[in-house]
Each structure stands twice: as structure tokens, then as C-alpha cells.
1. Would you call residue 21 in contact with a Lys or Arg (Cβ under 8 Å, 6 or more places away or on another chain) and either in contact (Cβ under 8 Å) with a residue 12 or more places away in the chain or of a type in the set (Asp, Glu) (or both)?
2. Can you pull out the residues in region 54-64 that are surrounded by fewer than 18 Cβ atoms within 10 Å (Cβ to Cβ) and either without any contact (Cβ under 8 Å) to a residue 40 or more places away in the chain or aromatic (Phe, Trp, Tyr) (or both)?
3. Scanning region 1-17 for residues that are in contact (Cβ under 8 Å) with a residue 24 or more places away in the chain and either part of a loop (DSSP other than H, G, I, E, B) or among the charged types (D, E, K, R) (or both), which turns out farthest from residue 90 (Cα to Cα)?
4. Collect the residues in region 54-73 that are assigned to a strand (DSSP E or B) and in contact with a helix residue (DSSP H, G or I) (Cβ under 7 Å, 6 or more places away or on another chain), keeping them in residue-number order.
5. Can you find, within region 18-28, the residue that is nearest to the chain's Cα centre (by Cα) among those that are open to solvent by 10 Å² or more (accessible area, probe 1.4 Å) and over 14 Å from residue 97 (Cβ atoms)?
6. For region 29-53, name all the residues that are in a loop (DSSP other than H, G, I, E, B), farther than 18 Å from residue 93 by Cβ and open to solvent by less than 40 Å² (accessible area, probe 1.4 Å).
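The values are calculated or read from the model by the stated rules, or taken from the named source; none is laboratory data. Remember, predicted model here, so these are calculated numbers, not experimental data. Using ideal geometry, Cβ is built from the backbone for each residue, glycine included, and neighbour counts are taken over all protein chains shown. Areas reflect the complete protein model, heavy atoms only, side chains present, ligands, DNA and RNA absent. Shrake-Rupley method; radii C 1.70, N 1.55, O 1.52, S 1.80 Å.
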Amino acid sequence: MDEFEISRKKMVEILRGKYKIRDEGVLSAMLQIRRDLFVTSALKAQAYKDNALPIASNQTVSQPYIVAKMTELLELSPNSKVLEIGAGSGYQTAILASLAGQVFAIERIPNLANEAQERLNRLGFTNVTLACADGTNGWKNFAPFDGILVAAGSPHLPEPLLSQLKIGGKLVIPIGQDQKTQNLYRVTRTANGFQTEDFGACAFVP
């Protein structure tokens, strides 16, 4: 048991009760992965609060609800191959890696990428491949993917990411011109094209 276990259980109760997260695998991962290990020492006490927290380089670690919701929308299985754009501190990466077979994560800011890699190594995740690059073009070498999660706002659906989805694969992404106009979308690739669903307002760094 660690000092934040009770706080983590409360966080999961809020995800289940208030936010109606139903995927037990996602809830179990949120209970197991320590969010306090992905923020600075000064913010550890706030790690399980219901909001985003700042990390280096003007980036954030997303609100627990958003992490859970985006992960749930991917509908992952232990065989899934996932691409994550915007690894940040590595918290969302760790949640994905707990549920999927392979995670390919891209982070464009070098110090964040290095720190995320160190954290994930320390926590024993052997199924994550992390690169420092611009994620706009996806990661063609490892495509196609069962799921793609974009943890940064985009003004439109990036064509390269759509092309890197398997048939039946899902892209979860915030779309909007700025934080005030963003909505969370899930795009599923079908044999005939793409099916788009809107899951309401959200706010991500661009």
C-alpha cells in the first residue's frame, strides 16, 4: 500500500459514479497506475484531484476523467496495437500499456520524452516504444493501428492518422480551433470509409 491508495480509490469511484466510466479494465488500470509518479513533487498531493495538472514545457497531464474516457472509447484488448500522440509525462501511456499489447508513443518535446521513457522503464513497461518526434504524421513504420489516441487539440482530422487505422480501428481526438471550441471525437474506420461520433466539449493544449 502507498500513501495515495485511498485517494486513488476515491478517484476511481468518481470515474465510475459521476462520469459513468463502465470499462472495468480501464477502471482497474486507473486504480493500479500511480498518477502521483507522473507529476512534480510539489503537485503529488494534488495528483488524484479531478483536474488536469501542469507538467514541464507548458504542457499538462490530462484530467483523470479525460484519460479514462479516451481510453474507454478505444475499446482495447490485450492484442491491441495503439499509437499515442503526445505522451507528455507518460501517464496516459502507462494506462494504455496496461490494457493493450503494444503501445507506440510520440512526444515532440525532448525533455518530456526522455523523462516519460525513464518513468515507464522504471515502472517495468516493456511493451512501450517511445520516440521524440512530431506526431502529426503518425508512425507509418508500425501502422496499421487498432487504436490511435491524440492527447493534443487539432483544428481538423489529420489525414495521415486516418490512413494508419486498421479496418475497425478507432481514432480518439480533440478537434477544434482552440480550447474554447474543442470537442472529443471518435472516428472508426470501416470497410466503406469512416464513421464519426461526437462526445462533447473538452479542452486540450494545441
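1. yes
2. Of everything in region 54-64, those that are surrounded by fewer than 18 Cβ atoms within 10 Å (Cβ to Cβ) and either without any contact (Cβ under 8 Å) to a residue 40 or more places away in the chain or aromatic (Phe, Trp, Tyr) (or both) turn out to be 54, 63.
3. The residue in question is 10.
4. Start the filter on region 54-73 by keeping residues that are assigned to a strand (DSSP E or B), which leaves 54, 60-61.
Once the filter is applied, which keeps residues that are assigned to a strand (DSSP E or B) and in contact with a helix residue (DSSP H, G or I) (Cβ under 7 Å, 6 or more places away or on another chain), region 54-73 yields only 61.
5. Per the criteria, the residue is 23.
6. 48
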